[in-house]
Amino acid sequence: MTSDRSDPDRPDDDGATRPGETDGGRTTQASGTPMAVDLASDPATRRAMAMFVAAPTVWFVHFMFVYLVAEAGCTGSGTGLSLFDPPVPVVLTLAATVVAALGCLAVARWQYRQWRGGRRVDELEQPGPPPGGTDLDGDERPLAFVGVLLGLLSFVSVLFVGLPVLWFTGC
Amino acid sequence: MDDDGVRRDTPTAARGGSHEELDALWADPPGLWGRLRAVQNDAIGVRLMLTGFFFLLLGGSFDSFLMRLQLAFPEQALVSPQFYNELFTNHGSVTMFLVILPIFEGFAILVLPLILGTREMPFPRLGALGYWTFLLGGLVYYSSALFQMVPDAGWFAYVPLSGPEFSPDKAMDFWIIGLTVAEIGAIAAALEIIIGVLKMRAPGMTLARLPLFAWALLVMAFMILFGFTPLIIGDLLLELDRGFGTQFFNTAAGGSTLLWQHLFWIFGHPEVYIQFVPATGVVSMIVPAMTRRRIAGYTWIVASFVAIGFLSFGLWAHHMFTSGLSPIVLTFFSAASMAIGIPAGIQVVAWVSTIWLGRPQWKTAFLFVVGFLVIFVLGGITGIMTAAVPLDLQVHDSYFVVGHLHYVLIGGVAFPIFAGVYYWFPKFTGRLLDERLGRWNFWLLFVGTNLTFFPMHQLGLLGMPRRVVTYEAGLGWDVLNLLSTAGIFVIIPGLGVFVWNVVRSRRHGDEAGPNPWGADSLEWAVPSPPAEHGWSQLPIVRSRHPLWDQDDLHTGPPELENFVQRLADWPLNWRAAAIVGTADGRPQEVFRVAGPSIWPLVASGGIVLIFVAELVKLRWGAAIGLAITVVALVGWNWPSPAPMTEEEEAEFERDTGVPVNAGGSVVVAAWGMGLIILFVAIAFSTLLLSYFYLRLENPVWPPPGVADPPLGRALVAAALVAGSAVAARWSLARLGDNARPRFLAGLVAAIGLALAGVVVQVVDIAALDVTGGVHAYGSILWTLAGFNLTIVLAAVVMLGLALFWSIRGLYTGRAHAPVVNIVRFHVAAVAMWLIGFGVLYTGPVLT
């Protein structure tokens, strides 16, 4: 990321030591408040985003991949496209399904560990309780559980989409 | 406190001494001129909802009433076949594009700031632009009736019926152009909602404490971005075929009719979920409030929203099961269509569990929720049925599908909208809707909906096709059709009772008080109706159910208490709002929200003019429209000095630890640019997929007689624009070093190199012996190239503005967020250029 705030090494800076300088000088004019400008300097946000989109993205990439390979194998003809003639689509579909299913399980496992660790994703980067103190809502479960669920659902969906080629192979 | 831990007397928001001053500061200016400049979320939200409801009465109700009258008895001739075509086309188009979406976007813009504990949406002027483009687009679409050229090719506008050969008049141009303008408005509102939910919340409202309605709207907004953009590209290609002689959809010239179906349904199926997901968000707010029970399975519901958002983009071809796709492809789409039943089922279980464990108050809003559950589950089950290819082959294009989709859209979407109106009406008017009328409203609609649409399932199974103007007697369809028409006569009084209830209760309803339902979310802590600024003192959120769990909404850690108190008293002469960390809800920045402006209206007028010029084939008018739009955008973003001193800014930051950006938000602007780049990238990806699809449909590529494009000049052009991106990045680094002359030189170099690249590339394309009107190869080549050139030219214009403001000394080494964002856009545009031209020049060789 490019800083749009001051650089502590700038010649005209007063050179005083400030908190937050280690983040590359993304500090504000008054007292050096760390200036989280976007995802690049906000790891907790990046992690939360990854939690929500990782497994479904694996599903979607798998889906588009097997669909486009099948289209290329069934519809197209041409020098490069002959690479996709049957039975290549079926082989590629099964291989991609195995890889994607394992990917979804890996995401689910990663999120499960976060969840079991008892640490909320939104407080990973900062020690201490979240702003506002501990949650008063006793039955609230950590949000990482969403990642576990999405990992498992994506796993099932990948198998749903990929495995029928064991029976239906024709164009 | 009840034994279920849910309290009746909920805390209220602190009023604070600055209440009146803030209220006046955030109010829109009075009078007609003030209304045209209005940007306040209340005004925009209510306008969107009322306009959506107006289009519903116009298109949803009137059309369907006439169609049902016509079908009540066999062999009737109340309407002509042509008029019937126009009726069903209009009914589908209006309800899918102009009714449900704006109503939910209106809900979002109206309610979100209160629910999230903030004062405004991030881009009020963008919200206003969204409204005006939606309104003007809808009016352009409807003006077709004035010219006796009503679209008649179905709401899906399949080619070749909608193409130049079979729809030679302007009717389909009205459809394409009016709805595209409205789609642009939808995307503008989506950007606003995404950033609003992610960045503008009360301190302490972490993602784990985000109300489910906000989650649903967040998912909806992302889906709009990913779903509407391919449709805009599809519309563009169709209009190019109709108005400029390209051959995208002409199978005789290398085009593909299926390409349109793909592009349409990549939008069209997610569109159903774009409407359904926010409806489930409404239900997820009402169920806990009305059953006095925390929602069961919060995390499960959040996961379901996200899962539905993704899965809905893998089902589009289940609308195309009968179009001859290969069996292997059908299985992919069939499987994904069934998989989406899992998250939908999880949600239903969560709601039913909450109701089961709670103690329902049978208010009208809750009745509509129960009605939703019953009708939606039936519609969902028939959806799983039609996801099975063999059954779909039988019922495709029959009344079974009409029954299914109306169960989903009326039960699954319209009922939650009614529930939401009954639920939130008191918040924004201060008065409750009448419960007795509400019961009439509900039961008439519930009975009417089932009576109208249940027989359609049987009609479909008995073989009645959809979109037919009449049918023969004695086929066994007569009684069922008559029953279905009788249902309409129950629905219409139901809608009438609703309108009467709203009109009457607005003035004469019972006083509501701040929290008539004893609900748990933040909007019920402020007075009904709320002040213009919503919150004088921002709440500090410590729970997922703040009104049930917190005794006081403004107590918390000292630094947060200090922050919200300081922000209640300062500033009082500009509109300040807080930005929080996406995940942790810690205050990150205080920034100035834009105030009233006429430019959003001017800009949307310019946008509409660009499109209308194409409609009336006065294409020079598009240049005027473009000029108006550019002038409006420049005026819109014209920097205005903050009405405060740097010392005040610094003092607030020293005191609270939260920086102030009265010149405009750094954080929100960066997110906005990120989403704009995403939008352009989705459009670009759609064009790339179209390229590959057309390639697959043609055995010979390029067509016989056309040579592969030579690489020479394209490589030079690519090197020039890549150099331009490097120069822009280099220039930015010099600004950080405070090396101003080198910064300016870098900007000039970036602009010069990009322009040189554009010229070289245009010369090369023009020298190719390929035109856009002979074969689909030329059509996609010119269109994709034109897209890339346009995006880079847009970046050059932005760089030029950055240069202009830099010369005038606006940017410093400390504050230059706009330049950073412009350079980001430029780098993204260059990356798309390299991919796009890479595909165009190497595609024919490699495939």
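The values are calculated or read from the model by the stated rules, or taken from the named source; none is laboratory data. None of the values given here were measured: they were computed from a predicted structure. Note that we place each Cβ from the backbone using ideal geometry, even for glycine, and neighbour counts take in every protein chain shown. Each accessible area value is taken on the protein alone, full model and side chains, heavy atoms only, with ligands, DNA and RNA left out. Shrake-Rupley method; radii C 1.70, N 1.55, O 1.52, S 1.80 Å.
Let me confirm one metric for peptide B:669-676, namely the mean number of other chain beta-carbon atoms within 10 Å of its residues' beta-carbons.
2
Please work out the average accessible area per residue across the range B:727-826, using the 1.4 Å probe convention, and give it in Å².
38 Å²
For B:LEU78 paired with B:SER685, estimate the spin-label separation in nm (one decimal), with each label point 7 Å from Cα along the Cα-to-Cβ line.
4.6 nm
What ranking, highest mean first, results for peptides B:28-37, B:499-508, B:13-22, B:539-548 when packing means the other Cβ atoms within 10 Å averaged over each residue?
B:539-548, B:13-22, B:499-508, B:28-37
Taking 0.36 nm per residue of sequence separation and subtracting the Cα-Cα distance, how much length would be gained by fully extending the chain between B:ALA623 and B:ALA473, in nm to one decimal?
Once the chain is fully extended between B:ALA623 and B:ALA473, it gains 48.4 nm.
Mind checking the mean number of beta-carbon atoms from other chains within 10 Å of the Cβ atoms in B:577-587?
6
Can you find, among B:GLY836, B:ALA512, B:ALA317, the residue farthest towards the positive end of the dipole of the protein assembly as shown? Put +1 on the C-beta of Lys and Arg, -1 on that of Asp and Glu.
Farthest along the dipole direction, towards plus: B:ALA317.
Residues of the range A:75-121 with accessible area at least 20 Å² lower in the all-protein-chain context than alone (1.4 Å probe)?
The answer is A:THR75, A:SER77, A:THR79, A:GLY80, A:LEU81.
Give me the Kirkwood hydrodynamic radius of the protein assembly as shown in Å, from all C-alpha pairs, to one decimal place?
29.8 Å
State the Cα centre-to-centre distance between the range B:413-434 and the range B:200-252 in whole Å.
27 Å
From the residues B:VAL503, B:GLN76, B:VAL352, which one has its Cα farthest along the dipole of the protein assembly as shown in the positive direction, the dipole being from +1 and -1 charges on Cβ of Lys/Arg and Asp/Glu about the Cα centre?
The one lying farthest along the dipole's positive direction is B:GLN76.
Label B:ARG566 and B:TRP33 with points 7 Å out from Cα along Cα→Cβ: what is the distance between them in nm?
The answer from the label model is 3.8 nm.
Just to check I understand the Karplus step: with θ = phi - 60° and J = 6.51 cos²θ - 1.76 cosθ + 1.60, what whole-Hz values come out for the range B:147-162, glycine and proline as x?
These are the phi-based 3J(HN,Hα) values: 9, 6, 10, 6, x, 9, 9, x, 6, 9, 6, 4, 7, x, 4, 8 Hz.
Stretched out fully, how many nm does the piece from B:ALA745 to B:PHE54 gain, at 0.36 nm a residue minus the Cα gap?
Here the segment from B:ALA745 to B:PHE54 would lengthen by 243.3 nm.
Taking amide hydrogens as modeled 1.01 Å from N in the peptide plane, which residues meet the under 5 Å criterion relative to B:ASN661, leaving out close sequence neighbours?
Under 5 Å from the amide H of B:ASN661: B:VAL590, B:PHE591, B:ARG592.
Once the dipole of the protein assembly as shown is set up with Lys and Arg at +1 and Asp and Glu at -1 on Cβ about the Cα centre, which of B:PHE591, A:THR79, B:VAL302 lies farthest towards its positive end?
A:THR79
Roughly how crowded by other chains is peptide B:537-547, in terms of the mean Cβ count from those chains within 10 Å of each of its Cβ atoms?
That works out to 3 on average.
Give me the percent of the accessible area of chain B that comes from carbon and sulfur atoms, probe 1.4 Å, all protein chains in place.
69 percent
Take the alpha-carbon centre of the range B:649-680, take the same for the range B:305-349, and report the distance between them in whole Å.
Their Cα centres are 39 Å away from one another.
Based on the mean of other beta carbon atoms within 10 Å per residue, what is the order of B:827-840, B:512-525, most packed first?
Descending mean neighbour count gives B:512-525, B:827-840.
Compute all pairwise cysteine Cβ distances in the protein assembly as shown, then list the cysteines with no distance under 4.7 Å to another cysteine.
A:CYS104
Please list, in order along the range B:619-635, the HN-Hα scalar couplings obtained from phi with the Karplus expression 6.51 cos²θ - 1.76 cosθ + 1.60 (θ = phi - 60°), rounded to whole Hz, x for Gly and Pro.
Couplings: 6, 5, x, 5, 5, 5, x, 5, 4, 4, 4, 5, 4, 5, 5, 5, x Hz.
Amide H to amide H, which residues 5 or more places from B:ARG586 or on other chains are under 5 Å from it, using H placed in the peptide plane?
Under 5 Å from the amide H of B:ARG586 lie the amide H atoms of B:GLY204, B:GLY581, each far enough along the sequence or on another chain.
Classify the range B:557-669 as rounded, prolate or oblate, taking a ≥ b ≥ c as the square roots of the eigenvalues of its Cα gyration tensor: rounded when a/c is under 1.5, otherwise prolate if a/b is larger than b/c and oblate if not.
In terms of gyration-tensor shape, prolate.
Ignoring ligands, DNA and RNA, how do B:ASP397, B:ASP42, B:ASP510 rank by accessible area with a 1.4 Å probe, largest first?
Result of the area sort, largest leading: B:ASP510, B:ASP397, B:ASP42.
How much accessible area is lost when chains B and A come together, counting both sides, with a 1.4 Å probe, in Å² rounded to the nearest 100?
It comes to approximately 6700 Å² buried between B and A.
Between B:LEU461 and B:GLU165, what FRET efficiency follows from the Cβ-Cβ distance if R0 is 41 Å, with the result rounded to 0.05?
Result of the calculation: an efficiency of 0.70.
How about the range B:696-712: which of its residues lose at least 10 Å² of accessible area in the presence of all protein chains relative to their chain isolated, using a 1.4 Å probe?
Buried-area filter returns B:LEU696, B:GLU697, B:PRO699.
How many angstrom lie between the C-alpha centres of the range B:89-154 and the range B:58-86?
Between the Cα centre of the range B:89-154 and that of the range B:58-86, the gap is 26 Å.
Which ³J(HN,Hα) values, rounded to whole Hz and listed in residue order, are derived for the range B:188-202 from phi using the Karplus coefficients 6.51, -1.76 and 1.60 in 6.51 cos²θ - 1.76 cosθ + 1.60 with θ = phi - 60°, glycine and proline given as x?
4, 5, 5, 4, 4, 5, 4, 6, x, 6, 7, 10, 10, 9, 5
Could you order peptides B:693-706, A:152-165 by the average number of other Cβ atoms within 10 Å of their residues, highest first?
Answer by packing, highest mean first, reads A:152-165, B:693-706.
Heavy-atom accessible surface, probe 1.4 Å, ligands and DNA/RNA ignored: which residues of the range B:783-813 lose at least 10 Å² versus the isolated chain?
Buried by the other chains: B:GLY813.
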